[in-house]
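Heads up: the structure comes next, in structure tokens.
Read-outs: derived from the displayed coordinates by stated rules, not from any lab. Computed from a predicted model, the values in this text were never measured in an experiment. Every residue, glycine among them, receives a Cβ derived from its backbone with ideal geometry; neighbour counts consider all protein chains shown.
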Amino acid sequence: MFNNLSDRLDSAFKLLKGENRLTELNVADSIKEIRRALVDADVNYKIAKEFTDKVKEKALGTQNVLKSVKPGDLMVKIVMDELVALMGGTAAEINLKGKPAVVLIAGLQGSGKTTFSGKLAYYLKSQQKRNPLLVACDVYRPAAIDQLTVLGQQINVPVYKEPGNNDPVQIALNAIAHAKAHNLDVVIVDTAGRLAIDETMMKEIAAVKSAITPQETLFVVDSMTGQDAVNTAKAFNDVINYDGVVLTKLDGDTRGGAALSVKYTVGKPIKFVSQGEKMDTLDVFYPDRMAQRILGMGDIVSFVEKAQAQFDEKEVARLEKKIRKNQLDFEDFLSQIRTLKKMGDLKSLMGMIPGMSKALRDVDINDSAFNRTEAIILSMTPEERRNPDLINMSRKRRIAAGSGNTLDQVNAFVRQFEQMRKMMHKMSKMPMNFPDIMGGARGAVPGRNKFRR
Amino acid sequence: MSFFSKFFSKEKKEDLDKGLEKTKTSFLGKLAKAVAGKSSVDEEVLDELENILISSDVGLDTTIKIIQRIEARVARDKYLSAAELNEILRDEIVQLLSDNNTEDLEDFLPRHDVHPIVFMVVGVNGVGKTTTIGKLAWQFKQQGKKVVLGAADTFRAAAVDQLKIWSERVGCDFFSKGMNTDPAAVAYETVQYAIQNQCDIAIIDTAGRLHTKINLMKELSKIKNSIAKRMPGAPHEVLLVLDATTGQNAIEQARHFTEATEVTALALTKLDGTAKGGVAIGISDQFKIPIKYIGVGEAIDKLQIFNKRAFVNSLFDQ
């Protein structure tokens, strides 16, 4: 019953397929569906209304200009453009100008501040060659300091802490002095989770901010947040006037309407998205990619960039050639698996491919299944790996025994490999077609009211 | 402001009432204005109601369901005043929450004629599982029960320490095998510990996991099975913790966690903020899982028994 925002928008656009122009009537129906989809996606209901009003205006205003474009495609483009505009136009970067640069992290309880702090430190260290210092200023939650300490150890980043000291202002100031003395150039201050209506705690974070004058104050929001995102984002902004927003837990199936609500309400850019519990799953936020993703067009650019960080170009060219000639072998497959494993959580990765996120929703992608596959391939002779057609029943039996699998498992894997090889071969000859990506929809029933049918 | 004024201690209630004043006046005011001189529910009233429910995260489907019920009810027995309409709204939502055939708890401890009673606590990351466990253990301890907490969140950094600190605060037993150990084994041995040490209650913490991670959900089923292996019939309560600030995704959470572990009860946390937790109405309705506990603050005594009357009354009461 509850589908992703993109599915819902698909169904809205489906209404326009077959119609040859945008009219007051057919636009009204799809607009209603878009608005319902946005509210279902947790976009604040007032914002959803304003957004769709704007889309409607644009849709009716452009109908005669672009006669050659199909109305459904035109609606997609309008919604897409408006979404991008709403979410901030271009990418905003983190400001790290100070010496040291100070970054303050704030947010509600459980939004993912500590995990994000660790990821940010890792990102700055690995991508920007900085020397970060993590600072444990959550003096309230049991074991919060330990949690940051453990994360620091995992990513090999020093953690500044003063167990027993209950004054976050003092700890943060001491940490900055410590960073200066030890040549650490970015100070990331993790703070306790707090409710926007908790006056004492909000005064505390304001005091921390004014004491350490951070270059960058980031507000961390759980992407699953509902209608209240607007209130919280505004309340925090009123007190600490943050510079940017971080969206966490985007690896779930949330439709992420909070992203729209927050951006719309406070006008501050979303600077990072965080998905997964591994320390290397932090991404810079690109509004256009996010809009594409929301519209079910996948996030191909992020995928490509992630892949580029791991694959080298020559290797990719070589593989492409092999795929086109249908010559992919187990050696290639093994090296692909190993590369993919370096790239992070497979499901979130695949979700970035256009059209894949919908297909993958209920699919089990088992990262550890790779281990079995690896074992099977490693139990083959080099000759078998290079020439999959060589593998007959007696060879399969040997491979099964050698890799500690049953014959069925080896059979299943070899079959899967054959299918994949065929599919990739086919896909390599197929041009990507944008309208086809947006498939699958239901009809919508026109209703008399805003959301009711 | 939260509409959970009923659940707050007196000193806090006063502060909250000030904030609530505005919300109430505006809703009732609008309602009164919208129904003045009319004998049927018109679009204006329904729009207002729709906005209120949707802005509380009740969700489209449940909102539509509630409105349909009200329309049907009003068609049957016509209302005359805003006060009567207000009454009807309240009735219908209570009824929706009652349809799952479960009574509100009278006591923190659900009745189970077993020894020990085993709780397994599940939920996505950051909803407040460990905190809820600490508060729940404290309530049981106040009743003179012997409680053990089992640290089966062996994954998140320092999760074991966090639970241990709670057990020290409460003054109850604590069982752990340390970080990065097999959570199913920890769960099994926690039950074993509870049996051997004559504990009344064992509460097992699990690592937060997004419901879309199928392998992690399978792990949860495995933990549950290993509990049952040590004590047939256990866990007697599978408590799904939901964050009141979560929007419609909470429904997916309920769906997947129920599939993996047959959730028996919900705890709704962080209701002391501005979020209203309306999504719980839809969940309770769709999945027939009762809401049993609500978290209304960070202090150890800020866990309360859910009361649907109070929940709905505070949504609409003056």
FRET E, pair A:Lys46, B:Asn215, Förster distance 45 Å, beta-carbon r, rounded to 0.05 = 0.70
Here, A:Met393 and A:Arg318, labelled 7 Å along Cα→Cβ, have an inter-label distance in nm of 3.7 nm
For the cross-link pairs A:Lys97/A:Lys268; B:Lys145/B:Lys177; B:Lys213/B:Lys276, which exceed 22 Å when the distance is taken from alpha carbon to alpha carbon?
-> B:Lys145/B:Lys177; B:Lys213/B:Lys276
What fraction, in whole percent, of alpha-carbon pairs in region B:180-262 exceed 16 Å separation?
-> 54 percent
Figure the gain on full extension for A:Asn183 and A:Val169 (residue separation times 0.36 nm, minus the Cα-Cα span) and round it to one decimal in nm.
-> 2.9 nm
A chain fully extended from A:Met420 to A:Glu374 at 0.36 nm per residue, minus the present Cα-Cα distance, gains in nm 14.9 nm
Kindly state, as a whole number, the per residue volume in cubic angstrom of the convex hull around the alpha carbon atoms of region A:101-296.
-> 109 Å³
Go ahead and run the numbers for FRET between A:Gln327 and B:Asn225, Cβ-Cβ distance against an R0 of 56 Å, rounding to 0.05.
-> 0.80
What does the charge count near A:Val135 come to, summing +1 for each Lys or Arg and -1 for each Asp or Glu among other residues with Cβ under 11 Å from its Cβ?
-> -2
R0 = 25 Å: FRET efficiency of B:Glu71 with A:Thr23, Cβ-based, nearest 0.05?
-> 0.20
Starting from one equal scatterer on each C-alpha and no solvent at all, send me the Debye-based log10 I(q)/I(0) for region B:226-318 at q = 0.13, 0.18, 0.20 Å⁻¹, two decimals.
-> -0.47, -0.83, -0.99
For B:Asp91 paired with B:Asp301, estimate the spin-label separation in nm (one decimal), with each label point 7 Å from Cα along the Cα-to-Cβ line.
-> 3.8 nm
Label B:Gln142 and B:Arg309 with points 7 Å out from Cα along Cα→Cβ: what is the distance between them in nm?
-> 2.0 nm
